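Each value in this text was obtained by applying a stated rule to the coordinates, not by laboratory testing. In this text the structure is predicted, and so the values were computed from the model without any measurement. Positions of Cβ are backbone-derived with ideal geometry, glycine not excepted, and every protein chain shown enters the neighbour counts.
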């Protein structure tokens, strides 16, 4: 007896199916862009039917937001522990830049090609959905480690100062739609953040 056990013919269920659909939606978004993406094109790429998609997402806007979130969760930003605040920040901000530059470029392209008008959301609301503004704890691990080592006093540093390096790197990625140059990251850390943070030590 001949059996067809190829991966393409195996029926997918639950989380496995949803992950495959979201991966296909992200690939379609990258390849053809938001304006040309359709539920049908995603279904075809995933090897399934449109009703399978509509059972989970009522329209392509919801599907695109879910695909963005899935892509981010599947590609977390590394958090290197080098043993010192400066080198931790340089390594972490470089990882943020390298990991999220493409993601931000795709998100901006989607917003400009119809996502904003189709959803009726403001740019700030879209940012909350797809960027990392609300995805981090009040104190990032890189700062908590520095506090525990005695390099900084988190109780004395305003939240705006702690957010500064990440806000600037995000700004540069959104403006240039690409990774932030190493010299710029070093300037953010050495010329802007560290003087402000270290001046707050007791």
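Data table
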read-out: Ratio Rg/Rh, restricted to the stretch 79-198 and using Cα atoms, in which Rh is the Kirkwood radius; value: 1.01
read-out: Rounded to 10°, Cα long-axis angle of helix 85-110 versus longest principal axis of the chain; value: 40 degrees
read-out: The chain, helix-only ellipticity at 222 nm - DSSP H runs n ≥ 4, -39,500 (n - 2.57), divided by all residues, nearest 500; value: -18500 deg cm²/dmol
read-out: Distance (nanometres) between label positions extended 7 Å along Cα→Cβ at residue 58 and residue 190; value: 5.3 nm
read-out: 10 Å-binned pair-distance histogram of the stretch 59-124 (Cα, whole percent); value: 19, 39, 25, 14, 3
read-out: The stretch 138-192: C-alpha gyration tensor shape, a/c 1.5 cut-off, then a/b vs b/c; value: prolate
read-out: Ascending count of other beta-carbon atoms within 10 Å, so fewest first, for 71, 92, 171; value: 171, 71, 92
read-out: Taking the chain and dividing mean pair separation by its residue count, relative contact order in percent (alpha carbons under 8 Å, at least six apart); value: 22 percent
